[in-house]
Amino acid sequence: MKGVWRFGKRGKLSPRYIGPFEILERVGTVAYRLALPPDLAQVHNVFHVSMLRKCLTDPTKIIEYEPVELQQDLSYEEWPVEILDYKEQKLRNRTIPLVKVRWNNHTGSEATWEP
């Protein structure tokens, strides 16, 4: 679904499409009614076909709609879920141990190396 406000942001950094959402019925020749979550209750649930895209089966291309719990200063907390790998990075005269960490709001492909 195209052009929906997400966290009050609109512009270059906002995602172009969110979803996938279930199609409830066809309305007219070029419009569809979608089953939207309660968080998107302020958005009308009938969309023109030009605003919709076919759901991709590649999970890295799909943006899941997950509400993020924002704190008072508009930040959110992440915590490590699991350690995926371990390696040592050698510098000139010392060695730094690194672990690959998967965070709570990210997939395994978005894991980061942390000292």
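Tabulated data
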read-out: Gain upon complete extension [Ile96, Leu84; 0.36 nm per residue less C-alpha separation]; value: 2.6 nm
read-out: Within straight-line cross-link reach of Lys100, aspartates and glutamates at Cα separation under 20 Å, skipping those fewer than 8 residues along the same chain; value: Glu77, Glu78, Glu82, Asp85, Glu88, Glu110, Glu114
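Only the coordinates and a few stated rules stand behind these numbers; no lab work does. Remember, predicted model here, so these are calculated numbers, not experimental data.
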